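What follows is a single structure, written as structure tokens, with notes after it.
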Amino acid sequence: MAKILSIAHRGASGYAPENTLKAIQKAVKLGADMIEIDVRRTRDRHMVCFHDYLMHRLTNGHGRLRNYTYQELKRFTICGEVIPTLPEILKEIKGSCQVNIEVKERGLTKDLARLVREMELTRDVLFSSFYHLELAKLKALDSRLRVALLFSQLPSVSVAMKIGKEIQAEALNLPMKRITQRYLRQMIDEAKRRDMKINVWTANSQEDIQWLKETGVHGIITDFPDRIKSIS
């Protein structure tokens, strides 16, 4: 059986506050092969790692993240942890494992491409997004940049392959919810023919992880990256 990538969802978010340096450090310590993080922009155009567009679920703040400057964001914490910038997170991960940057909003492509090139992380970063046009823009900026189509609902095999080919996607990141063995095997077979990979999010239970391993996915996105290696 080929090695299944352990992809830490928002860092090791099952053990530490999501998208924080603490979660990243825990994921590295647990031996994750890749760490998935989210990126948004502040009012003064700093790129920060944060999942939601609203502040209240994760922090003691309110309103939209984009309405705050980065200095203003420093007033708020996620379970005591500060909201980190993307460069801070990338510096922490660099040299340890790969990174999956989920692009959470439009208009970040030029800055993301420049940052990854400046940090010499072109081959270590995989960009994913529900905004598939943003991924196409990244590829247009630099064909060396790696991209993965992210889906919130299960797409038809033909549609997924068509879009993947059009934007030269390396992988498809599919939701675990409502996925079936027949569908997944068909998607994996078609992806292999086109030299693409299939990753599935978010799988945390032993049963789901075992099933995905047996089905033959390339990577499993999970809040508990150590479980991928511990479940045979």
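Quick note: the coordinates plus some simple rules give every number you see, no bench work behind them. What you see is a predicted model; the values in this text were computed from it and never measured. Reconstructed Cβ throughout: ideal geometry from the backbone, glycine too, with neighbour counts over all protein chains shown.
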* What does the charge dipole of the chain about its Cα centre add up to, to the nearest 20 debye, if the Cβ of each Lys and Arg holds +1 and the Cβ of each Asp and Glu holds -1? -> 380 debye
* Asked: Hey, in the GNM for the chain with a 10 angstrom Cα cutoff, which one of Val200, Val103, Val159 fluctuates hardest?
  -> Val159
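Could you please rank His132, His9, placing first whichever residue has the fewest other Cβ atoms within 10 Å of its Cβ?
His132, His9
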* So for the range 161-232, taking the charge dipole from beta-carbon charges (+1 Lys/Arg, -1 Asp/Glu), which of Gly164, Asn199, Gly216 sits furthest toward the positive end? -> Gly164
* To do: Report the local net charge at Asp124: Lys and Arg +1, Asp and Glu -1, summed over other residues whose C-beta lies under 11 Å from its C-beta.
  => +2
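Charges at C-beta only: +1 for Lys and Arg, -1 for Asp and Glu. How large is the resulting dipole of the range 1-113 about its Cα centre, in Debye rounded to 20?
Numbers: 19 positive and 13 negative charges, 40 e Å.
Once rounded to the nearest 20, the dipole reads 200 debye.
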* Distance in nm between label sites at Lys94 and Ala140, each 7 Å beyond Cα in the beta-carbon direction? -> 2.9 nm
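So, by mean Cβ neighbours within 10 angstrom, what's the order for 217-226, 91-100 with the highest one leading?
Numbers: 217-226: 24.4, 91-100: 18.2.
Descending packing order for the listed peptides: 217-226, 91-100.
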* Asked: Out of these labelled values of mean projected area of the Cα convex hull in nm², (i) 11.9; (ii) 12.8; (iii) 14.7, which was calculated from the coordinates shown here?
  -> (i)
* To do: Could you list, in their original order, any pairs among Lys22/Lys137; Lys74/Lys104; Lys91/Lys162; Lys22/Lys162 whose Cα atoms are separated by more than 29 Å?
  => Lys22/Lys137; Lys91/Lys162; Lys22/Lys162
* Asked: What pairs in Lys29/Lys165; Lys3/Lys29; Lys26/Lys177; Lys165/Lys229 have C-alpha atoms more than 28 Å from each other?
  -> Lys29/Lys165; Lys165/Lys229
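Quick check on the exposure proxy: order Ile209, Ile35 from fewest to most C-beta atoms within 10 angstrom. Intermediate values should be presented prior to the final figure.
Details: Ile209 21, Ile35 28.
Going from least to most buried by this count: Ile209, Ile35.
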* Would you work out which of Gln98, Thr122, Leu112 lies farthest towards the positive end of the dipole of the range 1-133? Charges go on Cβ: Lys and Arg +1, Asp and Glu -1. => Leu112
* Please determine, in degrees from 0 to 90 and to the nearest 10, the orientation of helix 157-166 with respect to the longest principal axis defined by the Cα atoms of the chain, where the helix direction is its Cα long axis. => 60 degrees
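Name the shape class, rounded, prolate or oblate, that the alpha-carbon gyration tensor gives for the range 74-210, where a ≥ b ≥ c are the square roots of its eigenvalues, rounded holds for a/c under 1.5, and otherwise prolate holds if a/b is larger than b/c and oblate otherwise. Let's see the in-between values first.
Numbers: a/c = 1.99, a/b = 1.33, b/c = 1.50.
Because a/c hits 1.5 or more and a/b fails to exceed b/c, the range 74-210 counts as oblate.
In which sequence would Trp201, Trp211 go, from the one with the fewest C-beta neighbours within 10 Å to the one with the most? Could you put the intermediate results ahead of the total?
Numbers: Trp201 21, Trp211 17.
So the residues, fewest neighbours to most, are Trp211, Trp201.
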